[in-house]
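The values are calculated or read from the model by the stated rules, or taken from the named source; none is laboratory data. Keep in mind that this is a model prediction, so the values were computed, not measured. Note that each Cβ is placed from the backbone with ideal geometry, even for glycine, and that neighbours are counted across all protein chains shown. Side chains included, ligands, DNA and RNA excluded: accessible areas come from the protein's heavy atoms. Shrake-Rupley method; radii C 1.70, N 1.55, O 1.52, S 1.80 Å.
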Amino acid sequence: MQVFPGYQFPPGGMPPFAAVPAPQGFPGFPGTITDADLSRQFSEWSARSAAFVEIQGRYYQKLMRLWSAMLARERGEAYEPVVPADRADKRFAAKEWTEVPYYDYLRQSYLLYAAFLTEAVEAADLEPRAKGRLRFFARQLVDAICPANFAATNPEAIRLALESNGDTLSAGVRNLVGDVAKGRISQSDESGFEVGRNLAATDGTVIFRNELFELIQYAPATESVHARPLLMVPPCINKYYILDLSPANSFVRYAVENGHTVFITSWRNPTAELGHVTWDDYLRDGVIKAIESVRAVTGAEKLNVLGFCVGGTMLSSALAVLAAQGKQWAESLTLLTTLLDFEEAGEIGLLVDETGVAAREATIGAGGILPGSDLATVFSTMRANDLVWSYVVNNYLKGRQPDAFDILYWNADSTNLPGPMYVYYVRNMYLENRLRLPNALTMLGEKIDLGAIGVPTYIYASREDHIVPWKGAYRSTRLMKGDTRFVLGASGHIAGVINPPAAGKRSHWINPVLQPDADAWLALATEHRGSWWPDWKEWIGRFGGGQTKAPKRPGGAKFKPLGPAPGEYVKFRIT
């Protein structure tokens, strides 16, 4: 049977997708799990499983139904698709996927195979960690082999190539060559942004610099300000301006305009000469030095502090060290999409195992650099359809340029990590989960206990976060001994956080009464339309320490201005 010139269906309608191998592990996090390890376990289960035989039987029955439906369609008879079109699936938005029998068959047979593989994985009798890894790699396979990802089987790409006399194919090749030179897939029109012009553009001054970070003090936007300053500690895995994106999306600007004297750490992008830096160095010469500097500049005994992602983990660790030293320098703590208890660390946790961590310790544990591109690859692959394959199709098959998007520009501006710091982090947090245990870790010579921090804490998590699962973030409520407020926002790791009120987007959930577990908390939570930022503004306003006149100039006697924000460290970009 031929429904498209030159194409012959394979015998029995079996799609060719199953022959494509799964990914061979990921470079950023140190797990050594490959598709071969998991395939062996899966094969052993499927060979003896009655459940697998049933799943396979249903799959073949659906394939036969599809084959019969396609025959009926060719004869001009009534046709009922086995897999109806899903308008929400943007991969198959082009009309050819349903109107042309060849592409309709490709679409349906692919989706049947994807459903079969997913059902088989979920039914596999494997221990939870192995099943989680198998689920992850199965999804990578399913995402990769979608027929929309290939020039020969993407009808829109073929149509555009014919209409343009091949210009879109030429443009796609140029885009591919350019991205190969960059070492990454372009996700945003990078010509539309410039750090210091329309990103990281909030008015401020660098008032301190050492080998690890620059400290930026932002200019006031109000005549009076809260007496107590606010220090923000962003993740050192990416650049600080995730909190100071384009003006309409800037969390920093929002805080400044609401009367806070804001400081932020701009982490240096380490190269080989900083390959010796440890976790303790980041606490002592990074977070704690920033806290000391803000206290010295403002004269405040205590300050409000905020940490984002890994920045929140570092900040909490530093506060625990200070608490062990009898220094209660924080009035309140805000944690945005942060893990302190790594029991539910999501798919990242599945990629970390003892063998892999030991291998990293042997290679870069005593000195060296983990390339930022490795981490960027891991994070993108966790949402491969959105952050990999959609751009393969757009940039290479259709020959188009991606749109200008500030978050994705930032996402591509990755940073390296010092080897000793990195391996300490993945071993003690992801692998052994010791930060949650009182006195289990020694940092800067102190046995630390997160419960000793003892300040009011605002914990925000995002419901669709693939990096910091919200239920994992909720576990932090059991560790903090001060009055704790947990707020859950819609969307993912970044878009959930960067949700300015003016946009009127998304929802957030509030339940002021903490429950024993995350599900119980959500069951009693109330959904509120729009941004969570106003809720945080009201909460942190209670710890502002009253009002005072806005400072006339940045810095102080020992903190002379070193240059305007965004400073120098943020401008060093991995190419």
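Could you give the nm distance between label points at Thr526 and Thr118, where each point is 7 Å from its Cα heading toward the beta carbon?
Going from the Thr526 label point to the Thr118 one covers 3.5 nm.
How many percent of the accessible area of the chain is carbon or sulfur, using a 1.4 Å probe?
53 percent
Given the peptides 426-433, 45-52, 149-156, arrange them by the average over their residues of other C-beta atoms within 10 Å, most packed first.
The most tightly packed comes first, giving 426-433, 149-156, 45-52.
Under 17 Å from a point 7 Å along the Cα-to-Cβ line of Asp403: which residues of the range 173-215 have their amide N that close?
186-193
Which value, in Å to one decimal place, does the Kirkwood hydrodynamic radius take for the chain when every pair of different Cα atoms is included?
25.9 Å
Among Ala412, Val388, Thr334, pick out the residue whose Cα is farthest towards the positive end of the charge dipole of the range 319-459, where Lys and Arg carry +1 and Asp and Glu carry -1 on C-beta, about the Cα centre.
Value: Ala412.
Arg209 to Glu446: FRET efficiency via 1/(1 + (r/R0)^6), r the Cβ-Cβ distance, R0 30 Å, to the nearest 0.05?
That pair, Arg209 with Glu446, gives E of 0.65.
Counting heavy atoms of the protein chains only and a 1.4 Å probe, report the per residue accessible area for the chain as a whole number of Å².
41 Å²
Going from the alpha-carbon gyration tensor of the range 381-532, what semi-axes, largest first and in whole Å, does one get by taking the root of 5 times each eigenvalue?
Taking √(5λ) for each eigenvalue gives 32, 25, 13 Å, largest first.
If I stretch the segment between Leu514 and His276 completely, what's the gain in nm (0.36 nm per residue apart, minus their alpha carbon distance), one decimal?
Residue separation times 0.36 nm, minus the Cα-Cα distance, leaves 81.5 nm.
Assuming R0 = 35 Å, what is the FRET efficiency of Arg129 and Ala296, from their Cβ-Cβ distance, to the nearest 0.05?
Efficiency computed from Cβ-Cβ geometry: 0.15.
Calculate, for Lys505 and Glu344, the FRET efficiency according to 1/(1 + (r/R0)^6) with r their C-beta to C-beta distance and R0 30 Å; round to the nearest 0.05.
0.65
Measuring from a point 7 Å past the Cα of Thr548 along Cα-to-C-beta, which residues in the range 272-308 have an amide N at less than 13 Å?
Backbone N within reach: 294-304.
I'd like to compare 349-360, 124-135: which one has the highest average count of other Cβ atoms within 10 Å, and what's the full order after that?
Sorting 349-360, 124-135 by mean packing, highest first, produces 349-360, 124-135.
Using amide H atoms built in the peptide plane, which far-off residues or other-chain residues are under 5 Å from Ala565 H to H?
Gly204, Thr205, Val206
What is the range 442-575 by shape, rounded, prolate or oblate, if you read a ≥ b ≥ c off the alpha carbon gyration tensor as root eigenvalues and call it rounded for a/c under 1.5, prolate for a/b larger than b/c, and oblate otherwise?
It comes out prolate by the Cα gyration axes.
From the Cα gyration tensor of the range 55-197, with a ≥ b ≥ c the square roots of its eigenvalues, which class applies: rounded if a/c is under 1.5, or else prolate if a/b is larger than b/c, or else oblate?
Cα axes put the range 55-197 in the oblate bin.
Using DSSP H assignments, which helices in the chain have an axial alpha-carbon span of 18 Å or above and a mean Kyte-Doolittle hydropathy of 0.0 or higher?
101-123, 167-182, 310-324
Give, in nm to one decimal, the length gained when the segment between Arg434 and Ala362 is fully stretched (0.36 nm per residue of separation minus the Cα-Cα distance).
That pair, Arg434 and Ala362, stretches by 23.8 nm at full extension.
Counting other Cβ atoms within 10 Å, which GluC sites (Glu not before Pro) in the range 162-242 have at most 16 and lie in a DSSP loop?
Glu194, Glu211, Glu223
Which value, in debye to the nearest 20, describes the size of the charge dipole of the chain about its Cα centre when Lys and Arg Cβ atoms bear +1, Asp and Glu Cβ atoms bear -1, and nothing else is charged?
1000 debye
Return the lysines within reach of Lys505: Cα separation strictly under 27 angstrom, same-chain partners fewer than 8 residues apart disregarded; answer none if there are no such residues.
Lys90, Lys239, Lys471, Lys537
Assign unit charges at the C-beta atoms only (+1 for Lys and Arg, -1 for Asp and Glu), then state the dipole size of the range 427-565 relative to its Cα centre in Debye, rounded to the nearest 20.
My answer is approximately 700 debye.
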